[in-house]
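Only one structure is covered here, and it is reproduced in the block below.
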Amino acid sequence: MTSLTVTRIGHACQLIEIGDRRILTDPWFTQTATYYQGERILPLIGPGTVATLAKDKGFRDVRAIEAWDATVVDDVTVTAAPGKHGVHEITFVIQSGGRTVYFGGDSLRVPELDTIPE
């Protein structure tokens, strides 16, 4: 089976490594909800509110997804699941190499999450 490693960076930021794929979740490296210029080479997947901010900052590969939408980057499938927070929130199911990882970020638990295995 493909190797799986999860490293906590800080707050909701995790480095998920599935085989040779690396996924960085919730990469807020500033004190405010913004991105630094120069991060444009990364595919960025998130809800519409995040996608808009990222596009405004110059990201070129931005994929807006909402709950139950999915997108594929190489051999990694990312499916959005519901979330709840003080801001617009989704959570993620990440699949690659026969592995499945759920990333809830800093979302509150909502009953809709019980349907993820389906």
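Values in this text are rule-based calculations from the coordinates and carry no lab data. Note that this is a predicted model, so its numbers are computed, not measured.
Considering only DSSP beta bridges whose two residues both sit in the chain, what percent are antiparallel, to the nearest 5?
Among the beta bridges of the chain, antiparallel pairing accounts for roughly 90 percent.
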Amide H neighbours of GLN14 under 5 Å, at least 5 residues apart or on other chains, H built in the peptide plane: list them.
ILE9, THR25
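What number, in percent, do you get for the relative contact order of the chain if the mean sequence gap of Cα pairs under 8 Å and at least 6 apart is divided by its residue count?
Reported relative contact order: 18 percent.
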Of [x] 27; [y] 56; [z] 32, the label for percent of Cα pairs over 23 Å apart derived from the coordinates:
[x]
Taking amide H atoms as placed 1.01 Å from N in the peptide plane, list the residues 5 or more away in sequence, or in a different chain, whose amide H sits under 5 Å from that of VAL73.
VAL78
Hey, what number do you get for the chain at 222 nm if only DSSP H runs of n ≥ 4 count, each worth -39500 (n - 2.57), divided across all residues, to the nearest 500?
-2000 deg cm²/dmol
